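The values are calculated or read from the model by the stated rules, or taken from the named source; none is laboratory data. Quick caveat, the model's predicted, so the values are computed rather than measured. When we count neighbours, we look across all protein chains shown, and the Cβ atoms used for this are built from the backbone with ideal geometry, even at glycine. Note: accessible area is taken over every heavy atom of the protein model, side chains too, but ligands, DNA and RNA are not part of it. Shrake-Rupley method; radii C 1.70, N 1.55, O 1.52, S 1.80 Å.
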Amino acid sequence: EPEVTQTPSHQVTQMGQEVILRCVPISNHLYFYWYRQILGQKVEFLVSFYNNEISEKSEIFDDQFSVERPDGSNFTLKIRSTKLEDSAMYFCASRTGGGNSPLHFGNGTRLTVT
Amino acid sequence: AQRVTQPEKLLSVFKGAPVELKCNYSYSGSPELFWYVQYSRQRLQLLLRHISRESIKGFTADLNKGETSFHLKKPFAQEEDSAMYYCALMFSGGYNKLIFGAGTRLAVHP
């Protein structure tokens, strides 16, 4: 069964540095998402992406965040200047375009900002 | 406002006991509800969706619009059911994001 893949599994970075989290969605999926989960808290929606543009973003997704689909397979989340509070698990998800099709999640990237 | 509530952080049962993980939602439209499961160090996996009305790994969930609930049930818990369980609400139409409850950790003891 095809899966969403995310790399790296763990990223450690210093405060103020830029990070790029990478995702390869399932190949025939059309909608892409990023979620995050701060340790001990709920899974929170960050952004959705469709047809090469952001379709919706949450209040969390401020100017330091950006997403990109640079080619036909990758979907990236960039954090320009990381803060300590950005430390979290970041999950990528994708789904087909059909109706209320479910989201399929990757294994996540654990981001640690020191 | 749209909200998903899972009131229990931890549910601890013995093997063979019945399990009910509670989920309540708040949404003015027509809800699409899901249960996701996360086993230790693994991805969020779709367990059930209300529209399919199926049973997966012995789990069932019924949407009760009157009580705005979508509780997850299993008559006889197994040790391998130990995991985090997340109830999630999808908005109809648009770009169909999910919003999640806080999750319930199910611990099944031998």
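For region A:14-34, the count of residues that are in contact with a Cys (Cβ under 8 Å, 6 or more places away or on another chain), at the interface with chain B (Cβ under 9 Å from one of its Cβ atoms) and open to solvent by less than 40 Å² (accessible area, probe 1.4 Å) is at least one. Summed over region B:37-51, the residues that are within 23 Å of A:Pro25 (Cβ to Cβ) and either over 14 Å from the mean Cα position of the chain (by Cα) or part of a loop (DSSP other than H, G, I, E, B) (or both) give a count of 5. Return only the number of the condition from (1) within 14 Å of chain B (Cβ to nearest Cβ); (2) crowded, with 18+ Cβ neighbours inside 10 Å that A:Glu56 does not satisfy. Failing condition for A:Glu56: (2). Count of region B:32-46 residues, restricted to those that are farther than 26 Å from A:His10 by Cα and touching a Phe, Trp or Tyr at 6+ places or on another chain (Cβ under 6 Å), is 1.
When you look at A:Phe75, is it modelled with pLDDT of 95 or more, aromatic (Phe, Trp, Tyr) and closer than 18 Å to A:Ser9 by Cα, yes or no?
Numbers: modelled with pLDDT of 95 or more: yes; aromatic (Phe, Trp, Tyr): yes; closer than 18 Å to A:Ser9 by Cα: yes.
So A:Phe75 fits the description; yes.
Just one of the numbered conditions (1) within 10 Å of another protein chain (Cβ to nearest Cβ); (2) under 23 Å from A:Ser58 (Cα atoms); (3) touching a residue at least 24 places away in the same chain (Cβ under 8 Å) is not true of B:Cys87: (1). For region B:46-78, taking the residues that are among the small types (Gly, Ala, Ser) and touching a residue at least 40 places away in the same chain (Cβ under 8 Å), the one that is surrounded by the fewest Cβ atoms within 10 Å (Cβ to Cβ) is identified as B:Ser69.
Going by what's in this entry, would B:Gly101 be described as on the phi < 0 side of the Ramachandran plot and open to solvent by 40 Å² or more (accessible area, probe 1.4 Å)? The answer is no for B:Gly101.
For region A:98-114, filtered to residues that are surrounded by fewer than 22 Cβ atoms within 10 Å (Cβ to Cβ), over 17 Å from B:Phe34 (Cα atoms) and not hydroxyl-bearing (Ser, Thr, Tyr), the residue that is farthest from the other protein chains (Cβ to nearest Cβ) is A:Val113.
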